[in-house]
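Read through the structure below, which is laid out as C-alpha cells, and then see the notes.
The values are calculated or read from the model by the stated rules, or taken from the named source; none is laboratory data. Only a predicted model underlies this, so the values are computations on that prediction, with no experimental measurement involved. All Cβ positions, even for glycine, are placed from backbone atoms using ideal geometry, and neighbour counts span all protein chains on display. Note: accessible area is taken over every heavy atom of the protein model, side chains too, but ligands, DNA and RNA are not part of it. Shrake-Rupley method; radii C 1.70, N 1.55, O 1.52, S 1.80 Å.
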Amino acid sequence: MTLVFEHELIDNILRINCLDSIYGFSIEDSDTIMETVIDKILQLKSVERIILAERREYEYDYDQTKLLLEMADTYDKLTSQSLDISKIGGQAGVKILGAAMNQLKIILERMTKRDPIGAYVKIRRMIRQYTSKIKSPGEDKRNRIYYSMFVKNILEPILKELEKTQLIDSIKDGLYGHVVGDRNLYREIFNPLIRPIFMLTRYVFLPPKDGRLVERYELPGGIQVEIYKVPHKVRYYYHITAPEFKLSDDKYTIIDSARRQLAEHKPGEKEFTQPERAREVFMNIGKDMINQMAVGGNYSQKELEEMVNILVRYTAGFGILEILLTDSKLQDIYINSPIGITPIYVQHDDYEECETNLIPTREDAESWATRFRLLSGRPLDEANPVLDTELFVPGGRARVAAITKTLSPEGIAYALRRHRDRPWTYPLFIDTKYMNPLFAGLMSFFVDGSRSILFAGGRSSGKSSLLGATMLEIMKKFRIISLEDTLELPITQLRNIGYNIERMKSRSVITRIESELPADDALRTALRLGDSCLIVGEVRSIEARALFEAMRIGALANVVAGTIHGESPYGVFDRVVNDLGVTATSFKAIDIIVISGMIKSGDGLHRYRRILEVAEVRKHWKDDPMNEKGFVTLMEYSAKDDQLKPTSTLLNGESFVINEISKRVKDWQGNWEAVWDNIELRTKIKLAMVDYARKLNRKDILEAEWVSLSNEVFHMISDEVRKDYGILDSEEIYKRWDEWFRNYISEKNERRRIRQFV
C-alpha cells in the first residue's frame with residue numbers, strides 16, 4: 001500500500017513531509033516510511049539525498065540514499081520478471097509449487113520495499129526448506145525434481161540479486177537469530193543527520209559505531225561533549241550534544257511557534273551592530289512568548305529558561321557557533337567550502353584536530369556572512385573576498401576570518417580562532433607548561449625595566465595570548481595604547497579590572513578597507529597621544545618603520561611590545577629588515593626577542609606549545625647580527641627535559657639588557673646578586689600562585705584579576721620593605737606577599753561561603 005505524503009525534489013534532494021504521520025518518520029524505524037521512500041525513488045529516479053521532515057528533519061546522505069536506490073532497482077528488476085512456474089514444470093509444477101509461488105510473490109512485492117532484510121531472510125529460509133525436501137527420502141521423486149527446479153531457477157537467482165545490493169551484502173553474514181520484522185539492523189545501517197526545524201545546521205545524533213569513548217565532559221548550559229577514538233583514523237571524533245538536539249516534541253513545537261512570531265521582530269541593521277542589545281531585547285520578548293505558550297505544560301523554571309536560551313540562540317544569536325564557542329578547550333573552528341558537504345572541524349587543546357558531528361548548511365553560511373558584514377561594517381563579496389572581524393557571544397569570543405569567491409572558488413568558508421573569555425596569565429601558562437616560572441620572573445623584570453619586546457613564532461604558537469598575558473605585568477599606574485588591525489587582545493577584560501587603555505584599530509593589510517587609517521599613520525597618531533606603554537597587536541608591514549624609528553630615537557620611555565611572525569631571532573631580523581624595510585640600525589631598538597612554537601612528539605601525532613628561546617639584541621654589531629654575534633640567548637628550550645633552561649650568560653650576570661636595567665636602579669647598580677635575587681623573587685611568587693591553585697584546586701586564582709592584584713601588591717610591599725629595611729630584601733618581600741595572598745584566599749573563601757548561605 002503506497003501512502004500519500006507530500007514531497008518535493010529540488011537539486012536531487014527528495015524532501016518528504018512526515019508531519020503528523022501515524023507511521024513514524026524515519027527509514028530505520030518504520031517499514032511504512034521505508035516503502036514510501038522507495039516508491040518515491042522509483043517514481044523520481046534522480047535522488048541523491050533524502051530528507052524526512054517532522055518536527056525534526058532527518059537527512060540521509062548520498063551513501064545511505066545509494067542503499068535505497070540499489071534496493072529500488074532490485075525491486076523493479078525482481079518484480080518485472082516473470083515468476084510463472086508453469087514455464088518450468090507445466091501444470092504439474094503449478095499444482096505442486098503454486099502455494100510456494102504465491103508466498104514468494106508476496107515476499108517480493110510487499111516485503112522487498114518495506115523490509116528487504118526480512119525478505120532476504122525469508123527467501124533463505126525457503127531455500128533451506130525446499131533443499132531439505134529435495135534431500136528427504138520420504139518425498140515423491142517427481143516432487144523433488146520440481147523442488148530442485150524451484151530452488152535453482154527461481155529462489156537462488158533472486159537471492160543472488162538481493163546479495164548484490166550493498167545493504168544485504170553488509171549484513172548477510174550476521175543474521176543468526178534475526179527475527180523478521182525487527183528493525184535493529186536498519187538502525188545500525190541508517191544514521192541520519194538530524195536537525196530541529198528551527199535550526200539550519202545538521203547533526204549526527206549517534207556517535208561512531210566502532211568509536212571508543214576516551215573522554216566526556218559537560219559545558220555550561222547542559223551541553224555534553226564526548227571524544228571518541230575511531231579505529232584506523234588518526235583524527236579524533238568530537239561529538240557534541242546540546243539541549244536543542246534532544247528536546248521533546250512539545251518543546252520543539254513551542255520554540256518553533258515562538259520563532260515564527262519572533263520573525264516579525266527580526267533585528268534590523270542597527271540591532272545587528274549592537275548584538276548585546278539585540279540579544280537582550282529578544283531574550284525579554286522570547287521569555288514572554290515561551291511563558292505564554294507553555295501555560296498548562298507543567299514545565300519547571302529551568303526548562304522554561306532552557307527553551308528561551310535556545311530560542312534566542314537561533315534568532316538573535318549565531319546558532320551552532322555559540323555552542324562550539326562555549327567549549328574553552330577549543331582553539332580553532334574550521335568550516336570549509338563547499339559548505340554542506342563536510343563536517344565542522346575543531347582544534348582541541350587535548351586531542352588536536354577533531355572531526356565533529358555538525359554539518360552546517362549553505363543557509364547557515366549565508367546567514368553568518370550577513371551578520372558578520374553588519375557587525376564589522378565591512379563587505380564580503382567577489383570584489384572583497386576576505387573579511388576579518390571579531391565575534392562576541394555568551395560562550396566566548398573569537399576572531400573570524402571569512403573568505404568567498406573569487407578567492408574561494410567553492411564559496412564561503414570560515415575559520416574562527418577562539419580566544420579565552422578571560423585573558424591568559426603567566427601563572428596559567430606555567431600551569432599548562434607553555435612557560436616555566438623563571439621565564440615568567442624574567443619577563444616581569446623586563447616589563448618593569450621598560451624594555452622593547454617582540455614575541456615571535458609561527459601561526460598558532462600563542463604569540464597574541466602571550467602578549468596579552470604580558471600586558472598584565474604592566475603596573476596599572478601606566479597608561480597603555482594598543483594598536484591592532486584585527487582586534488584580538490583582551491582589552492575589554494583588562495579595562496574591567498582597572499587598566500587605563502586606549503585601543504586603536506588600523507587598516508588590515510588583507511582587507512584594505514579604505515575608510516580605516518593605514519597602520520603607519522595610526523602608529524604615528526598613537527605616538528602623539530602622550531606618554532604611554534605601546535602594545536602593537538602584530539607588526540605586519542610599513543608601520544614597522546615608524547615603530548622602530550620611534551624606539552630608536554627614544555620617543556617611547558615605557559615598555560613596547562608586539563608580535564611578529566618569525567621562527568628565530570635571525571628570522572625576525574630578516575623579516576623586519578629585508579621584508580619590511582626597517583634599517584639595521586633601527587632594528588637595534590629591540591631589546592628582547594621571545595620565540596614560541598609548536599613541538600611534536602616522536603610519533604608525529606601530538607603537538608605542544610612551548611616557549612623555545614629568549615634572546616637579547618646587543619648593540620655593537622653593524623651589518624649582520626648573526627655573524628657579529630648580536631643575538632645572545634638567555635634561555636633555551638631543552639627537548640630532552642621539556643623545559644626552558646637559562647644559559648650561562650644569564651646565570652653569570654652577563655646579560656647586556658639586564659645590566660642596562662640595573663644601571664638605572666639605585667638598589668641594583670653594580671650588584672648582580674641583588675638583581676638576580678629580584679628575578680628569583682618574581683619567579684618564586686609566580687610559582688607559588690600555581691602551587692596554591694593546584695593544592696587548593698582553585699584554578700580561578702590564576703586568572704587575570706588575581707594576577708593583576710598580586711602584581712600590584714608585590715610592588716607596594718617592595719616599596720614598604722625598601723623603606724623599612726633600606727634595601728629590597730627578597731625574603732621579607734616574599735614573606736609579606738605570601739601572608740597577604742593566603743589571607744586574601746581565606747577572605748574570598750569566606751565571602752563565597754556567605755553568598756552561598758544567603
Counting only residues that are touching a residue at least 40 places away in the same chain (Cβ under 8 Å) and surrounded by fewer than 22 Cβ atoms within 10 Å (Cβ to Cβ), which one in the stretch 105-114 is farthest from the chain's Cα centre (by Cα)? 108
Could you check residue 485 against (1) open to solvent by 10 Å² or more (accessible area, probe 1.4 Å); (2) modelled with pLDDT of 90 or more; (3) not hydroxyl-bearing (Ser, Thr, Tyr) and say which number it fails? (2)
On the given criteria, is residue 559 more than 20 Å from residue 471 (Cβ to Cβ), at pLDDT 85 or above and surrounded by 23 or more Cβ atoms within 10 Å (Cβ to Cβ)? no
Of everything in the stretch 218-248 that's surrounded by fewer than 16 Cβ atoms within 10 Å (Cβ to Cβ) and of a type in the set (Gly, Ala, Ser), which residue is farthest from residue 192 (Cα to Cα)? 222
For the stretch 718-729, what are the residues that are part of a helix (DSSP H, G or I) and either buried (at least 19 other Cβ atoms within 10 Å of the Cβ) or free of Cβ contacts under 8 Å to residues at least 12 places away in the same chain (or both)? 718, 719, 721, 723, 724, 725
Just checking, which of 186, 203, 147 is open to solvent by less than 50 Å² (accessible area, probe 1.4 Å), farther than 30 Å from residue 366 by Cβ and within 35 Å of the chain's Cα centre (by Cα)? 186
Does the stretch 501-515 include one or more residues that are assigned to a loop (DSSP other than H, G, I, E, B) and modelled with pLDDT of 85 or more? no
Would you confirm whether or not the stretch 174-181 contains a residue that is under 42 Å from the mean Cα position of the chain (by Cα) and not in a loop (DSSP other than H, G, I, E, B)? yes
Which condition from (1) part of a loop (DSSP other than H, G, I, E, B); (2) surrounded by fewer than 20 Cβ atoms within 10 Å (Cβ to Cβ); (3) aromatic (Phe, Trp, Tyr) is the one that residue 424 breaks? (2)
Residues 652, 678, 697: which one is surrounded by 13 or more Cβ atoms within 10 Å (Cβ to Cβ) and of a type in the set (S, T, N, Q)? 678
Could you please let me know if residue 23 is in contact with a helix residue (DSSP H, G or I) (Cβ under 6 Å, 6 or more places away or on another chain), aromatic (Phe, Trp, Tyr) and free of Cβ contacts under 8 Å to residues at least 60 places away in the same chain? yes
Name the residues in the stretch 586-603 that are open to solvent by 10 Å² or more (accessible area, probe 1.4 Å) and either part of a strand (DSSP E or B) or under 19 Å from residue 617 (Cβ atoms) (or both), would you? 588, 589, 591, 598, 599, 600
Considering (1) closer than 18 Å to residue 68 by Cα; (2) open to solvent by 20 Å² or more (accessible area, probe 1.4 Å), say which one residue 23 fails and leave the rest. (1)
Can you list residue pairs whose Cβ atoms sit under 7 Å apart, with the first residue in the stretch 621-645 being among the aromatic types (Phe, Trp, Tyr) and the second being assigned to a loop (DSSP other than H, G, I, E, B)? Count only pairs 6 or more apart in sequence or on different chains. 621/628; 621/630; 631/625
Residue 461 vs. criteria at pLDDT 90 or above, surrounded by 23 or more Cβ atoms within 10 Å (Cβ to Cβ) and not acidic (Asp, Glu): no
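Every residue, every condition in (1) among the charged types (D, E, K, R); (2) farther than 14 Å from residue 100 by Cβ, yes or no:
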{"position": "140", "(1), (2)": "yes, yes"}
{"position": "143", "(1), (2)": "no, no"}
{"position": "146", "(1), (2)": "no, no"}
{"position": "159", "(1), (2)": "no, yes"}
{"position": "170", "(1), (2)": "no, yes"}
{"position": "173", "(1), (2)": "yes, yes"}
Could you pull out the residue among 405, 433 that is on the phi > 0 side of the Ramachandran plot, charged (D, E, K, R) and open to solvent by 20 Å² or more (accessible area, probe 1.4 Å)? 433
When restricted to 35, 59, 109, 48, the only residue farther than 13 Å from residue 5 by Cβ, modelled with pLDDT of 85 or more and in contact with a Lys or Arg (Cβ under 8 Å, 6 or more places away or on another chain) is 59
Is one or more of the residues making up the stretch 569-580 assigned to a loop (DSSP other than H, G, I, E, B) and open to solvent by 40 Å² or more (accessible area, probe 1.4 Å)? no
For a quick check of your reading of the model, give me the residue pairs whose first member lies in the stretch 130-141 and is in contact (Cβ under 8 Å) with a residue 60 or more places away in the chain and at negative phi, whose second is of a type outside the set (Asp, Glu) and not in a loop (DSSP other than H, G, I, E, B), with beta-carbon atoms closer than 8 Å and at least 6 apart or on different chains. none
Filter result for residue 492 (closer than 29 Å to residue 432 by Cα, under 31 Å from the mean Cα position of the chain (by Cα), open to solvent by 10 Å² or more (accessible area, probe 1.4 Å) and modelled with pLDDT under 80): no
Among the numbered criteria (1) assigned to a loop (DSSP other than H, G, I, E, B); (2) surrounded by 24 or more Cβ atoms within 10 Å (Cβ to Cβ), which one does residue 469 miss? (1)
Looking only at residues that are modelled with pLDDT of 95 or more and open to solvent by less than 20 Å² (accessible area, probe 1.4 Å) in the stretch 618-643, which one is farthest from residue 673 (Cα to Cα)? 635
Which residue out of 217, 203, 237 is in contact with a Phe, Trp or Tyr (Cβ under 8 Å, 6 or more places away or on another chain), farther than 23 Å from residue 52 by Cβ and either β-branched (Val, Ile, Thr) or not in a helix (DSSP H, G or I) (or both)? 237
Residues in the stretch 392-403 that are in contact with a Ser or Thr (Cβ under 7 Å, 6 or more places away or on another chain) and in a strand (DSSP E or B): how many? 3
Can you confirm whether residue 662 is open to solvent by less than 60 Å² (accessible area, probe 1.4 Å), touching a residue at least 60 places away in the same chain (Cβ under 8 Å) and polar (S, T, N, Q)? no
Restricting attention to the stretch 1-32, which residues are in contact with an Asp or Glu (Cβ under 6 Å, 6 or more places away or on another chain), at pLDDT 90 or above and of a type outside the set (D, E, K, R)? none
If you scan the stretch 669-696, which residues turn out to be touching a residue at least 40 places away in the same chain (Cβ under 8 Å), of a type outside the set (Val, Ile, Thr) and either closer than 13 Å to residue 729 by Cα or not in a helix (DSSP H, G or I) (or both)? 674, 677, 678, 680, 681, 682
Pull out all pairs, ordered by first then second residue, where Cβ-Cβ is under 8 Å, the residues are six or more apart or on different chains, the first lies in the stretch 742-757 and is modelled with pLDDT of 85 or more, and the second is open to solvent by 70 Å² or more (accessible area, probe 1.4 Å). 745/696
